[in-house]
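Working notes, structure below.
The values are calculated or read from the model by the stated rules, or taken from the named source; none is laboratory data. This one's a predicted model, so the numbers in the text were calculated from it and none came from an experiment. Please note: Cβ atoms are built from the backbone with ideal geometry, for glycine as well, and neighbour counts cover all protein chains shown.
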C-alpha cells in the first residue's frame, strides 16, 4: 500500500515517530497539533532500550546517543542517605543489545521534529481536530477553524486528553488519577548531588526524589509526593513546599531543592488511561498516550508510543488487503502489549506511593535485599516484549 497519505493528529513523541516511520515508508504525511508552540510537558524522559531501538531502526541512533545521558548504574537509597542497593546496568545492556538513554524532552522533540521536516514534510500548529469523518475510500479530519485534511489513514496521537479517543470507543474515557504529584526539571550535574553516570533514587515516606543524567552535563530530576487530586500549588512556593515534603531527607536531596529553578520546573498530577477496549475504528488508529497513557513508574510511556508508530507502519507496508485490515492487525498486536504495560505501571505506582502502606514497606525491605541481576532481568523482560527483540 505505497503512495498512500497519512494524517497524524498530534506532534508529540508518538505522532512524530509515526510520521517519520510512515514518511520513510513512502507515505505522504501531514501532522497537525492543536498547540501554537511545541512545548513538551515535563523536563525529561527515561528512554529505555526498546524505544532507542525504534529510533535506531529509523536511522536516528547517532542522534539519540548525542542527546542521551550516559547512565551506567542505578542506586537506591533510603531517605536518610543509607544505601539500599546498587545496580549495574551492564547486564541489562548485554542482555538486550542497547543501552538506555535518559533525555531532555525538548531535545528529543526537537530531534524528532527536525528529522520529520528533513523528509520534506511539515507540522501544522494551531490546528485543533474536533471531528473525524470516514468514507469507503478515505478519512477526513475536521478542524476547529473550519479547515479539513483528507487521507487514506488517520493516526490519532493527540495525547492523554485525546479528543479523538471518543470517536474510536463511542464513549468518553477520562484519565484516571495515579495518586501522586510529580515535580520535574533539569539542573547542572554536580558530584555532590550524584555521580555523573548514575540514576540516583531516594525513597521513603511513600515519596521519591530522583536524578538521572542527560546530555549537556545536566541531571533530569523528579520528586514524587502522594497528594489528593486538585491540590493547588504556586510556582513561587515550589522550593518551600518541597523543603517541607522532604524535610529530614539526605543532603543531596536538600541541595537539589536549593538548586532547582522554579520557573523551569513542571508540576504534574500523574494520570493514566486504560486499558481500553479498542484502539482502531475503520481507517482511524489511536497511538501513544491517546490509547494507553501510563503512570511513568516503568519509564515506558514514550517507548510504547514509539513502538506503536513502528508497528503501525510495518502493518501498513507489509499487508495489501486494505488499510482497515492493516489497522486491525496493529490493534491486535499492540493491545496485548500496552494493556500489560498500563497495568504493570499502575501497580508499581501504587506500590511506590503508599496506596497500601504495608505493600510499600515490603518494597523498601525488598530493595535492600534484592539481587541486582533480578532487577535488570525484570527490566530486560519488559524491553524484550516489544517488536524489536
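Looking only at region 359-377, count how many residues are closer than 18 Å to residue 347 by Cα and surrounded by 12 or more Cβ atoms within 10 Å (Cβ to Cβ).
9
What is the residue count in region 42-71 for residues that are out of contact with any helix residue (DSSP H, G or I) (no Cβ under 7 Å at 6 or more places or on another chain) and either touching a residue at least 60 places away in the same chain (Cβ under 8 Å) or in a helix (DSSP H, G or I) (or both)?
Taking region 42-71 first, the residues out of contact with any helix residue (DSSP H, G or I) (no Cβ under 7 Å at 6 or more places or on another chain) are 46, 53, 56, 59, 62, 65-66, 68-71.
Then drop every residue that is not either touching a residue at least 60 places away in the same chain (Cβ under 8 Å) or in a helix (DSSP H, G or I) (or both), which leaves 46, 53, 56, 62, 65-66, 68-71.
Here the count works out to 10.
Among 248, 282, which is more than 24 Å from the chain's Cα centre (by Cα), modelled with pLDDT of 95 or more and within 20 Å of residue 173 (Cβ to Cβ)?
Checking each option against the conditions leaves just 282.
For region 180-193, give me the residue count where each residue is touching a helix residue (DSSP H, G or I) at 6+ places or on another chain (Cβ under 9 Å) and outside any loop (DSSP other than H, G, I, E, B).
So the answer is 7.
What's the total number of residues in region 252-274 that are out of contact with any strand residue (DSSP E or B) (no Cβ under 7 Å at 6 or more places or on another chain), surrounded by fewer than 17 Cβ atoms within 10 Å (Cβ to Cβ) and closer than 28 Å to residue 348 by Cβ?
2
May I ask you to say which residue of 234, 197, 192 is exposed (fewer than 15 other Cβ atoms within 10 Å of the Cβ) and under 20 Å from residue 89 (Cα atoms)?
Answer to the selection: 197.
For residues that are farther than 23 Å from residue 181 by Cα, assigned to a helix (DSSP H, G or I) and touching a residue at least 12 places away in the same chain (Cβ under 8 Å), tally how many sit in region 269-326.
Qualifying residue count for the region: 15.
Would you mind stating whether residue 74 is under 30 Å from residue 208 (Cα atoms) and in a helix (DSSP H, G or I)?
no
Does residue 56 meet the test of being within 17 Å of residue 303 (Cβ to Cβ) and either modelled with pLDDT under 95 or under 16 Å from the mean Cα position of the chain (by Cα) (or both)?
no
Does region 142-164 contain at least one residue that is buried (at least 17 other Cβ atoms within 10 Å of the Cβ) and closer than 30 Å to residue 187 by Cβ? If you could, list the steps in order and put the result at the bottom.
Taking region 142-164 and keeping what is buried (at least 17 other Cβ atoms within 10 Å of the Cβ), we get 143, 149, 151-160, 162-164.
Filter again for closer than 30 Å to residue 187 by Cβ, leaving 159-160.
Yes, the conditions are met somewhere in region 142-164.
Could you count how many residues in region 289-304 are closer than 19 Å to residue 174 by Cα and crowded, with 24+ Cβ neighbours inside 10 Å?
Result for region 289-304: 8.
Sort through 196, 149 and tell me the only one that's at pLDDT 95 or above and either within 17 Å of the chain's Cα centre (by Cα) or in a loop (DSSP other than H, G, I, E, B) (or both).
Exactly one residue qualifies, and that residue is 196.
Residue 203: more than 15 Å from residue 43 (Cβ to Cβ) and touching a helix residue (DSSP H, G or I) at 6+ places or on another chain (Cβ under 7 Å), yes or no?
Details: more than 15 Å from residue 43 (Cβ to Cβ): yes; touching a helix residue (DSSP H, G or I) at 6+ places or on another chain (Cβ under 7 Å): yes.
When the stated conditions are applied, residue 203 passes them.
Please tell me if residue 318 is more than 16 Å from residue 285 (Cα to Cα) and more than 23 Å from the chain's Cα centre (by Cα).
Yes.
Identify, please: which residue in region 241-251 is touching a residue at least 12 places away in the same chain (Cβ under 8 Å) and assigned to a helix (DSSP H, G or I) and is, among those, surrounded by the most Cβ atoms within 10 Å (Cβ to Cβ)?
242
State all residues of region 1-24 that are over 15 Å from the mean Cα position of the chain (by Cα) and either assigned to a strand (DSSP E or B) or modelled with pLDDT of 95 or more (or both); if no residue qualifies, say none.
Quick first cut of region 1-24, residues over 15 Å from the mean Cα position of the chain (by Cα) only: 1-9, 19-24.
Correct list: 5, 6, 7, 8, 9, 19, 20, 21, 22, 23, 24.
Just one of 332, 349 is crowded, with 21+ Cβ neighbours inside 10 Å and assigned to a helix (DSSP H, G or I); which is it?
Just one listed residue meets the conditions, 349.
Taking only region 77-121 into account, find how many residues are part of a helix (DSSP H, G or I), within 28 Å of residue 389 (Cβ to Cβ) and in contact (Cβ under 8 Å) with a residue 12 or more places away in the chain.
Qualifying residue count, region 77-121: 14.
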